Each structure stands twice: as structure tokens, then as C-alpha cells.
């Protein structure tokens, strides 16, 4: 492809690419994100390609491999345009039937359609599926429009028109004002106003400045940034270019986890393509603006998601945070002014420039504008990536989009990753925005939501996240290093039946001290799981301490398994599956558990189809 030297060249290329895409009668869109890839989507793509050639349809049907569509549990996903037909759990063996019946003859293959687990209704089009219906997909919707390894696809849907508009019509100050007026706040967890950060960096003394993309997404179960970077890397690059123009930077860095191999591959290829075509490098689009980007891989340390620790890692040092007496906008990478935002924040910038601050500000709540991508997991019917307008209630996310519980009633959600808090069912009216969740003792964080039902022990939840944070703490400051250890010791005592009433007050005091005195955000928010569960689920702590009982039947030292003879059919499955030989009984007769041999592993309970194995 010839180099693009001017905005005119870019627009001429865009027109040619759009005409090419419009020449196809049908488009087959296959999700190629990490989740679908694990379910053999690449084999499916190859099978579809082979079948198109076999039937001589390669010139009338456009086959596009894309990034994540969000509904990962339904993968591999195929969407057929223009009818918007949605097929799920598609295998390579279905390729011939899809081409022959649906593409060739317009027939719908019923067995490949989505069945709503709530209503039991079979749904044909993607737009009618409740999981998508209640979302406001601004960023994720673009994933299905582009092959992440094709700069041509990105240009065809309007890509790089925002940087063209910026360079042709907007001064750096005008760009920053637009970002401020939009109310864009950082999507990495802190929610700091992006425009204010850019202003401080632009006003900082010195000619050498940097923009950095934080793609070091370390929260368990979180993959929002990963999916954007895998599915639409040019969108992130364009956002960084606009930010660089605004603050006066000529060099950018993308810091991405090495555990994200597809994201690393795609962002590297995107940078290479942009350089080859002339959209990165010297005098971009014939302007005075020059900008280049380098990719750095992180080693997987959770603390390196913190800005100063990330910068230390970029410089080749140990990834430890430093005091923020002077912020990175003044003293950042190589002690130069640095603007650092996460993937989702950068990805929002081009649409703000193209559509205006009023458009962006029309979505969301009073102080939290735009949309937010959420990783929705846990004990609900629909899991995956969800994009909602800020201010959408937890109730809408859990019950309308998530489809509600899979079995037992839902009792709580944990928001914001390991440093977030746990909120009970009676708080589900709360809007998902920075301020409302903070007031309730939780946070949006990077965007993880874990749904928990009545079989979840909230003491055990706090213990799990403290264990994670203990492993990930860099150990540099005493409050975090020792405070998390002591909190975990107390929680462990409580979960194992050694808890004492006076430990509750000690645990609260310790949690408050750690949150107020730790060096970085990891320590300052580490107490959130403890404080929120104490605030909303105090009776559960009391049951563990005073009654030596785990109401949810999770903490092994406080439970005993038994078989209800009224429910036991004597099928023998529990006896067969018990790895400790603790279950005895004749076939078709009620079985029994030998408590001396039982190791409380729970395998028998999970295998029993009659729910005859109980906990006391």
C-alpha cells in the first residue's frame, strides 16, 4: 500500500476501501478473540474460507475475523450481515451448512441460534439478544467491524479521521478543552479527569514529553483492556496520537502484559502497519507533527498497574511505586513529563474528537460521563464483556444483561477487582459510577463485577482477595507489607474457627490504618474487601466467631457433611467419586459419610444430582 502523505490521500484511500467493502453482498463476521480462539474459531475461519472457494463465492462474500464480541461463553460466534443473524457455539463442521443454507439460500439453521436461558426463547438476530439489548456498545461494537490485523479495515470505518481533524482544525489547547468538556475520566480505576491530567502535562516545563498506554491489566477475571487492544489496536494508537499532539509529545509507549500474547501481537503489528503507511513517524499527514510508538512487555506483576511502578518497570528498574509528591505529569518516564492513561481511556478519545464533547457527555451520570466496559462473571446466566452507559444500575447489569442467577438466589456483587468492595442485594439500585460506588465502600476500578449467590461465604471472599493482594504487594512500604499479612491472619483465624469477638475491632482498625498510610493505591485499597464485608455482612463474621459456623457451608473447618436419607436414592455416584473412601452404603439404599475419613473436599456434594448431601 502506498504511503499516505496528506489528509487527501487518507480520504481517497478510505473511499476506495469503503467501495470495496460495499461490493460484497454478504459479510461473515467471525469472532477471533481469545475466548473464541480457545474454542477453535481459527479452524472455523479456515473451514469457512475453504467452503467459500469450493462454492465459488469468495468474490461475493466477505469473511472477516474480528476481535472479541463480548459474549465469550457463546463462542465461537458468527454474525451474518446484512440480516444480523447470530450463530453461537459454531464448529468447523458447520461451515458447509452455513454457506450452503444461510448464505446461499437464506435459510436459518435453528440449532445454531441463541436460546435465552431466562425466557427459553430462540433468538435469531444479535440485536434482540438481552445480553446485547441492554448495553450501550460504543467501543466494543467497533470490534466486530474490523480485522485487528488490517489497517485497511480501520480506515474504512473512519479510522484516523479523528487525528486528521485534530491536525487540520484543532490546536492542542482546543483538543484538551474538548476532552475536559466531555468529562472523560480515567478508566483504569482512579477516575482522575483526563483533561486535567493533559493540561498539567502540557504546562509542565521541558520539550521532551511522553504518552504511555497502561495495558497491564492484572485484576483476576478482568479482560476489558485486553479485548480492546486485541480487537481494535489502531483505535488505541489513534487516541495516543491525539493525546501526544495535545501535550506536545513525540514518543509513546504501550506497556502490555506478556501474558496477553494476542494483544502483544496485534498492537505490534498495528504499529508496524501505521509506520509503513506513514501514520506514525515524521510529519504525519503532511503536518509538523511527528510521533512514534514502542511496545514494552510487562512481567505480570499486579503492582505494575500503578503508574509510578509501571514507569519504573519501563525504565528497566524493579517495578515498585514511589511517593507521588510530584506526579508523573511533571516527573515521569526518564524524569520527563508523562501522560499515562489506560487502554480504554485512550480508546475513547477519537470518538470525542469526531462526535464532540456534548455527544460523549450525553451518556452517563452527572460526574461520570460516557460508557464503561465491564467484565461480568460469577453465578449468573450470562457472562462476558459488557459495555454500559455510566450510571446504569447494578440491578440492570446483573438481572437484565446478566440474566439473573443460575440457581441459588443472588446475594452480593464484588466490584472493582481485588481492591474493590462487596455490595449486598439491597444496594443493587446504585448506579455504576465513580462516586456512588465509592460512597458505598466499593469502586468501579478497572471494571470487574463478580456476582455471588447464597452459597458464597463473604468471609472467604475477603480471605481470597487478601491472599491475592498479599502475593502481589511489592513489600516496599510497611503498612501494606505487614498490614495485609496481619489482616489475612485474622481473617484466616475467623474462617478456621479460632476467631474471637475482639478481633473484629482490631481488624477494622488495622484496615483503616493500611488504607490511610500505604504508599500506593494497592495498599490504600487493599482493605476494601474487608471493610465492605464487615459493613454489610457483619452477621456472617459473628456466625463464624460466636457459633463456629459458616452459613454458606464454604469454610471447611466449620462445616460437616451428611447425607439426607430422605433424598438419597442410593445411586452410588458419591461413593464412587469420593477420593477418600469416606462414603459407604449399598446400592438403592441411603448412604452414609464416615466423618473420620471425610476431608470435606465437597466432591460428593457437587456430584449428587439429588441434592442429598447437606452441610451443617
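The values are calculated or read from the model by the stated rules, or taken from the named source; none is laboratory data. None of these values were measured; they are calculated from a predicted model. When we count neighbours, we look across all protein chains shown, and the Cβ atoms used for this are built from the backbone with ideal geometry, even at glycine.
Do the conditions hold for residue 146, that is, is it modelled with pLDDT of 95 or more, within 27 Å of residue 15 (Cβ to Cβ) and in contact with a strand residue (DSSP E or B) (Cβ under 7 Å, 6 or more places away or on another chain)? Spell out how you get there, then give the answer.
Details: modelled with pLDDT of 95 or more: yes; within 27 Å of residue 15 (Cβ to Cβ): yes; in contact with a strand residue (DSSP E or B) (Cβ under 7 Å, 6 or more places away or on another chain): yes.
Judged against the criteria, residue 146 is a match.
Kindly indicate whether residue 279 is at pLDDT 95 or above, crowded, with 24+ Cβ neighbours inside 10 Å and not in a helix (DSSP H, G or I). Yes: the conditions hold for residue 279.
Pairs linking a residue in region 565-578 that is touching a residue at least 12 places away in the same chain (Cβ under 8 Å) to a residue that is part of a helix (DSSP H, G or I), with Cβ atoms under 7 Å and 6 or more positions apart or on different chains, are 573/607; 574/604; 574/607; 577/603; 577/604; 577/607; 578/603; 578/604. The residues of region 406-430 that are more than 28 Å from residue 361 (Cβ to Cβ) and assigned to a strand (DSSP E or B), listed by number, are 410, 411, 412, 414, 422, 424.
Would you confirm, using the coordinates I've provided, whether residue 94 is more than 30 Å from residue 198 (Cβ to Cβ), in a loop (DSSP other than H, G, I, E, B) and at pLDDT 95 or above?
Values: more than 30 Å from residue 198 (Cβ to Cβ): yes; in a loop (DSSP other than H, G, I, E, B): no; at pLDDT 95 or above: yes.
The answer is no for residue 94.
Which of the following residues is within 30 Å of residue 442 (Cβ to Cβ), touching a strand residue (DSSP E or B) at 6+ places or on another chain (Cβ under 6 Å) and buried (at least 16 other Cβ atoms within 10 Å of the Cβ): 536, 541, 561? Exactly one of 536, 541, 561 is within 30 Å of residue 442 (Cβ to Cβ), touching a strand residue (DSSP E or B) at 6+ places or on another chain (Cβ under 6 Å) and buried (at least 16 other Cβ atoms within 10 Å of the Cβ), namely 536. When 11, 126 are checked against the criterion of being modelled with pLDDT under 95 and in contact with a helix residue (DSSP H, G or I) (Cβ under 9 Å, 6 or more places away or on another chain), a single residue qualifies: 126.
Cβ-Cβ distances below 8 Å connect the following pairs, each with a first residue in region 148-175 that is on the phi > 0 side of the Ramachandran plot, a second residue that is buried (at least 24 other Cβ atoms within 10 Å of the Cβ) and part of a helix (DSSP H, G or I), and a separation of six or more residues or different chains: 160/154; 160/234; 160/238. Of the candidates 401, 410, 380, the single residue that is touching a strand residue (DSSP E or B) at 6+ places or on another chain (Cβ under 6 Å) and closer than 16 Å to residue 135 by Cα is 401. Just the residues that are crowded, with 21+ Cβ neighbours inside 10 Å and in a helix (DSSP H, G or I), please, taken from region 352-370. Within region 352-370, 352, 353, 360 meet the criteria. Name, by its number, the condition in (1) part of a helix (DSSP H, G or I); (2) within 27 Å of residue 137 (Cα to Cα) that does not hold for residue 308. Tallying (1) part of a helix (DSSP H, G or I); (2) within 27 Å of residue 137 (Cα to Cα), residue 308 fails exactly one: (2).
Checking each residue in region 182-229 for being under 19 Å from the mean Cα position of the chain (by Cα), modelled with pLDDT of 95 or more and surrounded by fewer than 21 Cβ atoms within 10 Å (Cβ to Cβ) picks out no residue at all. Is there a residue being in contact with a helix residue (DSSP H, G or I) (Cβ under 7 Å, 6 or more places away or on another chain), touching a residue at least 60 places away in the same chain (Cβ under 8 Å) and not assigned by TED's automatic domain parsing to the domain that holds residue 418 anywhere in region 496-512? Yes, because at least one residue in region 496-512 is in contact with a helix residue (DSSP H, G or I) (Cβ under 7 Å, 6 or more places away or on another chain), touching a residue at least 60 places away in the same chain (Cβ under 8 Å) and not assigned by TED's automatic domain parsing to the domain that holds residue 418. Taking the numbered list (1) more than 22 Å from the chain's Cα centre (by Cα); (2) outside any helix (DSSP H, G or I); (3) within 22 Å of residue 556 (Cα to Cα) in turn, residue 519 passes all entries but (3).
If you filter region 342-351 down to residues that are part of a helix (DSSP H, G or I) and within 20 Å of the chain's Cα centre (by Cα), you find that the one that is nearest to residue 170 (Cα to Cα) is 349. Scanning region 371-384 for residues that are assigned to a loop (DSSP other than H, G, I, E, B) and touching a helix residue (DSSP H, G or I) at 6+ places or on another chain (Cβ under 8 Å) gives 382, 383.
Taking only pairs six or more apart or across chains, which ones have beta-carbon atoms under 6 Å, a first residue in region 69-81 that is not assigned by TED's automatic domain parsing to the domain that holds residue 106, and a second residue that is surrounded by 24 or more Cβ atoms within 10 Å (Cβ to Cβ) and in a helix (DSSP H, G or I)? Cβ pairs passing all conditions: none.
Can you tell me which condition residue 435 does not meet? The list is (1) buried (at least 24 other Cβ atoms within 10 Å of the Cβ); (2) not assigned by TED's automatic domain parsing to the domain that holds residue 488, and all the others hold. Just one mismatch for residue 435, condition (1).
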